[in-house]
Structures are given as structure tokens and as C-alpha cells.
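Have a look at the structure below before the remarks.
The values are calculated or read from the model by the stated rules, or taken from the named source; none is laboratory data. Small disclaimer: the values here were computed from a predicted structure and weren't measured. Heads up, the Cβs are rebuilt from the backbone with ideal geometry, glycines too, and the neighbour counts pull from every protein chain shown.
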Amino acid sequence: MALQSTNPTTTKAWSDLQSHFSELKDVHLKELFKNNSKRAEELTVIWDDFYVDFSKNRITKKTISLLTDLAKELHLKDAISKYFDGDIINKTEGRAVLHTALRAPESAEVFVGGENVIPGVFAVKEKIKDFTNSITSGIHRGFTGKQITDVVNIGIGGSDLGPAMVVDSLKFYKNHLSTYFVSNVDGDHYQEIVKNLNPETTLFVIVSKTFTTQETLSNANSIRDWFLQTLPKEAIANHFVAVSTNIESVKAFGIDEANIFPMKDWVGGRFSLWSAVGLSISLALGYDNFENLLSGAHKMDEHFRTSDFKENIPVIGALLTVWYNNFFEAESEAIIPYTQYLNQFATYLQQGIMESNGKRVDRDGKPVNYQTGTLIWGEPGTNSQHAFFQLIHQGTKLIPTDFIGYVKSLHGNKDHHNKLMSNYFAQTEALMNGKTEDEVLEELGNASEEQKQMLLPFKIFEGNKPTTSILIQKLTPESLGKLIAMYEHKIFVQGIIWNIFSYDQFGVELGKKLAKTILEDLNSSVIHNPHDTSTQSLIEFFKK
């Protein structure tokens, strides 16, 4: 059955939220804390090794109650069931959305078209495990008998961002293999990576569901040409593997059919790191760590699927996005991890969130009369504090911010970790409290009255800036799996509330189509295809 379609702004809950917003919009967070000594306790969810503090958001318990009423009125519970059960919720492409099945236990049953997909999932996982072990143990060797030392993942979008982010985030757990990622069709990108590699000891993983993606195939073909400058064509079978559904094209490339890892169309690209697309993760970290990543995601799946909305971390997080986006008119959200390991995390989430929920029509195909997707951005703290926090603290824009931190560091340097986390806690406190006129005057101390009055407006901080604190015991493959899945489920809930389809991405296809016709013009002595005058002039200037 399809998802139900309701314009959220027509619901009673939305109307109630509008009235509540009018009452709360000018209330300062300091006042909310002053009026409720148990606020932090009441607005914190403690689950497994996660401590998620929502109390520094511009909400009350009533806000949460009204937001969950909205979720209920828009049939979120029914939608969650359909999501996990394999219903065709990606209606525009006629597909189920089942990345959750990739991390389900072997005893689970999830049916698509009358077939339980779980045995197939585990067959692929077993193949990933066997191949990973054969590479890391040295059983599978290169054409000249040398052991594999380097792995290069060739893909783009979901075939690159997820694996690249996970491998970088979990580099503490890496094995002896060096791992690289080639994505951009920019020739300088792949040239910089391969120039220091030995083709005799390098394994290439080509990730393309259709094996037709321009960027991926261009890079793969160029790298194959580079490879064949040193080794014969028959060596390709030892050094190239593929994650794809296009068996014939992969075989034509020269890859052994035994080294093709299958994909399913019910896994969207930006949610595919849990599938065979994660082969490079398994190779870089070892299969056990890949399995732990999946296990963590499944634990978050169960929390999301079974927990009451008012204690449900992804649900509350998603509803807060709706609260700020549609009532406070905040257009962006910052994600600030206080660990350098997660330096690619916000970049990864940009695709997941903005490609999913950047939609202008509802599930009936009608233009929406409310805001949908938010702009996602961020960098690790403390670097970001010295880059763009000025805008968050004293700018004119309201920017809800997620702070992600860990109780324990991986290398155990307590001095550095305490300094890092003191900044984490200080920033959320400063964003909440700000700095009053009296505090500024006291700080200026013995300055002249003229200096005080001159500096006063520049040094006042309004405060009342919303943050969510996500505190996790330790960065492990399992806890990272939970964190990624948490944001995946937030995406889903937002799409349900906004009455849009989150799992297609037709918006990225127009540019691809036009690029093909422009490439014809760039490769031709004359421009054959019609263009606007600006594009025409740009092409002519480029071709000179």
C-alpha cells in the first residue's frame, strides 16, 4: 500500500502548533530553564550508549506533545511499518526502501514481491566476508603474485560518499591496507591518486549499479588504461572487482564474474553503504568491523521502530527540524562533530538530507505551500569555532545546531580530550545564554564610559540559539552505525511530515542529460546543439 497523502498545514495539530509558536517564539531559553528545574532531565533521551539532550532547544514538553500529535495525525506509525515491511513507498520509481533489511538479523523476514530478501542479503554478506578475508590474509594476490597493499574505490555520490566517510571516520580501526577514493570526473583527481600506486599490488573496486555512470566509467576506463601500461589484459581479473547489477557490461570490462558483487534496486544510492557498496569499508576495516557497523545501525532501527515518539531520538530530531524550518523559518542546520575523525560527516549528510528532501511537490504531485528540505552544513569543532561560529552566535539567521561528542577519546589523551569537550559544552551554553548588557558592562570594568557605550552593542550576545547535544560513549564501528542510522530515520520522518517522496532524485538528472549534449559540442569542431546565449558564449570561450 502507498503512503497516505495529507498536506500537513491542513491538520489540527499544525494549527495547534501555530498557536503554540505564537506563545513561545519570543521566550528565551534562560527563562525556560529558570521556570523548570527538571527541564534538562525531562528533555533528554538516554538510550544504549547515547545521551541526547534536547533541552537547549526552543521548546517545552508541550511542544514535543504537539509535534508528536502532528506525527500521529499524519500516520507516521503506519508509514514506519510500511518502511520496514518492504511496501512500495518510493512510489515514483516503483520501489521499496529497504536499506534497513541490509542490517537485519538472519532470522528476520522481509518480503519484496513475495520473496524474503534476507537470505539474499546474507549470501552477499558472506561473499564480502570471504573476499575481504582472502585479500587481507594474502590468499588473493595480484597477477604477479604480490600481495595487495592498496585499495581504490571508484564511484560517485552514494557509491563514494558513504564508504569514504566511514573509512575516514573509523581509520583508528583500519588494517594494513591503504584505501583511496576516486569520484570526481576531473582527470587530475584520479591522476593524483594513481601516480604513487603500484599496479601490481593495487585492487580497484568499481561501484556503479548500472555500470553506465559517466564519472565512474570515465575514471574506471582511464585507470584501466593506466593499469594496462604495466600489466597485460588478463591481469584485470586479479585487480578489478565490481559492485553492480549490469553483469554483461562488467564482464566486458574484463572483470571475472566471480568478482561481481550484486546490488538491489530497493537500496537507494545514498543509503547503500550497508550493502555490497560497503565492500571497501570491509576491506579497509576488516569484515568484523563492517559487521559491527551494521549491527549498530540495526540497534538504532529497533529503537526507531519500537520506541514511543516522545522517547524516540530520530523522531524528536526530525520533528525539531519541522519546528524550526516551518515555524521559525530557519532554513539551515549545522552539524558539528567534536572529533576530527568525523570531518566528512556533514558532507556525507548533505547528500542524504538535501537529495532526499529537496522537493517542491507533494505525494500527489502538487506544489507544496510550505518549506521542505533544509540546508545542511558543518565542520568539526574546534576548527569550526574559529571559522563560522560568529554567524551562529551574533548573525541575523537562526541556525539550529547538532553537537556530536564522545565521552572517551580513542588514543586516550585526557588533557586534549578535556580541552576539546570543554569547548563543546561551553559553546552550547554560550549559544543558549548569550551575554547581557550588564555582563558586558561588568566585563569592561575600568574602561571609560565613552568606551563602554561604544563597545556595548558589539559585545552583547542575544543567546537563545538552539542546540541539540548528542553525547556518545566512544567512537566505534557500532556507535557510528547507530549515528548514521539515526540521521537516516530523521530523513524518513521529515519526508512523511512534509508529505513528499524522499527516495527519488529526479533533480540531479537534468544536468546529467544536458552535460551529454554539451560534451558532444566540446568534442566537435562546431557547436551543433542549441543553447542560451550565456552557455553558448561560455562554450565558445572554452573551445578557443
| task | Please identify the pairs in which a residue from segment 22-49 that is over 30 Å from GLY296 (Cα atoms) has its Cβ atom under 6 Å from the Cβ atom of a residue that is among the small types (Gly, Ala, Ser) and part of a helix (DSSP H, G or I), counting only partners at least 6 apart or on another chain. | result | none
| What's the number of the condition THR136 fails, among (1) over 30 Å from GLN191 (Cα atoms); (2) surrounded by 13 or more Cβ atoms within 10 Å (Cβ to Cβ); (3) touching a residue at least 12 places away in the same chain (Cβ under 8 Å)? | (1)
| query | Could you list, in sequence order, the residues of segment 441-464 that are touching a residue at least 24 places away in the same chain (Cβ under 8 Å) and either in the same structural domain as LYS30 (by TED's automatic domain parsing) or part of a loop (DSSP other than H, G, I, E, B) (or both)? | reply | ILE460, GLU462, GLY463, ASN464
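Here's the yes/no breakdown for (1) under 27 Å from PRO477 (Cα atoms); (2) assigned by TED's automatic domain parsing to the domain that holds ALA276; (3) of a type in the set (Asp, Glu):
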{"residue": "ASP150", "(1), (2), (3)": "yes, yes, yes"}
{"residue": "SER159", "(1), (2), (3)": "yes, yes, no"}
{"residue": "SER183", "(1), (2), (3)": "yes, yes, no"}
{"residue": "GLY187", "(1), (2), (3)": "no, yes, no"}
{"residue": "ILE193", "(1), (2), (3)": "yes, yes, no"}
{"residue": "THR202", "(1), (2), (3)": "yes, yes, no"}
| said: Just checking, does segment 285-301 include any residue being among the charged types (D, E, K, R) and over 15 Å from LEU102 (Cα atoms)? | reply: yes
| request: Any residue in segment 108-127 that's without any contact (Cβ under 8 Å) to a residue 60 or more places away in the chain: show its pairings with residues that are part of a strand (DSSP E or B) and surrounded by 12 or more Cβ atoms within 10 Å (Cβ to Cβ) at Cβ separation under 6 Å, as long as the two are six or more apart or on different chains. | output: GLU109/ASN116
| query | Which residue out of SER479, SER524, SER534 is hydroxyl-bearing (Ser, Thr, Tyr) and within 27 Å of TYR173 (Cα to Cα)? | reply | SER479
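For segment 138-157, indicate whether the set of residues that are assigned to a loop (DSSP other than H, G, I, E, B), under 21 Å from LEU480 (Cα atoms) and either charged (D, E, K, R) or modelled with pLDDT of 95 or more (or both) is non-empty. Spell out the reasoning first.
Step one: of segment 138-157, the residues assigned to a loop (DSSP other than H, G, I, E, B) are 138-140, 142-146, 148-149, 155-156.
If we keep only those that are under 21 Å from LEU480 (Cα atoms) too, we end up with none.
Looking through segment 138-157, none of the residues is assigned to a loop (DSSP other than H, G, I, E, B), under 21 Å from LEU480 (Cα atoms) and either charged (D, E, K, R) or modelled with pLDDT of 95 or more (or both).
For segment 201-214, which positions are of a type in the set (Ser, Thr, Tyr) and in a helix (DSSP H, G or I)? Don't jump to the end; show me each part of the working.
At the first step, the residues of segment 201-214 found to be of a type in the set (Ser, Thr, Tyr) are 201-202, 208, 210, 212-213.
Matches in segment 201-214: THR201 only.
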| request: Go through the residues of segment 99-119 one by one and say whether even a single one is in contact with a strand residue (DSSP E or B) (Cβ under 7 Å, 6 or more places away or on another chain) and either among the polar types (S, T, N, Q) or within 30 Å of THR230 (Cβ to Cβ) (or both). | output: no
| message | Scan segment 344-358 and tell me whether some residue there is surrounded by 18 or more Cβ atoms within 10 Å (Cβ to Cβ) and more than 30 Å from GLU509 (Cα to Cα). | response | no
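Results for (1) in a loop (DSSP other than H, G, I, E, B); (2) under 31 Å from the mean Cα position of the chain (by Cα); (3) at positive phi, shown as yes or no for each residue.
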residue: GLU439; (1), (2), (3): no, no, no
residue: LEU475; (1), (2), (3): yes, yes, no
residue: HIS489; (1), (2), (3): no, yes, no
residue: TYR503; (1), (2), (3): yes, yes, no
residue: LEU510; (1), (2), (3): no, yes, no
residue: SER524; (1), (2), (3): yes, no, no
residue: HIS528; (1), (2), (3): yes, no, no
residue: THR535; (1), (2), (3): no, no, no
residue: LEU538; (1), (2), (3): no, no, no
| query | Of the residues PHE131, PHE143, PHE111, PHE84, which is more than 30 Å from ASN196 (Cα to Cα), of a type in the set (Phe, Trp, Tyr) and over 26 Å from the mean Cα position of the chain (by Cα)? | reply | PHE111
| Residue in segment 179-192 that is assigned to a loop (DSSP other than H, G, I, E, B), under 24 Å from TYR348 (Cα atoms) and β-branched (Val, Ile, Thr) present | yes
| said: For the structure I just gave you, tell me whether GLY381 is part of a loop (DSSP other than H, G, I, E, B) and small (Gly, Ala, Ser). | reply: yes
| task | Could you please give the count of residues in segment 324-341 that are over 21 Å from the mean Cα position of the chain (by Cα) and surrounded by 18 or more Cβ atoms within 10 Å (Cβ to Cβ)? | result | 2
| request: Please tell me if VAL166 is surrounded by 16 or more Cβ atoms within 10 Å (Cβ to Cβ) and part of a helix (DSSP H, G or I). | output: yes
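Counting residues that are crowded, with 24+ Cβ neighbours inside 10 Å, which helices (runs of 4 or more DSSP H) fully inside segment 215-316 reach at least 3? Can you show your working first?
On the way: elements: 236-239, 247-253, 279-285, 287-306.
Output list reads 279-285, 287-306.
State the number of residues belonging to segment 220-262 that are in contact with a Gly (Cβ under 9 Å, 6 or more places away or on another chain) and either within 21 Å of ILE135 (Cβ to Cβ) or among the β-branched types (Val, Ile, Thr) (or both). It would help to see each step written out before you state the result.
To start, the set of residues in segment 220-262 that are in contact with a Gly (Cβ under 9 Å, 6 or more places away or on another chain) comprises 222, 224, 231, 233-240, 243, 262.
Right, trim to either within 21 Å of ILE135 (Cβ to Cβ) or among the β-branched types (Val, Ile, Thr) (or both) and you get 224, 231, 234-240, 243, 262.
Matching residues across segment 220-262 total 11.
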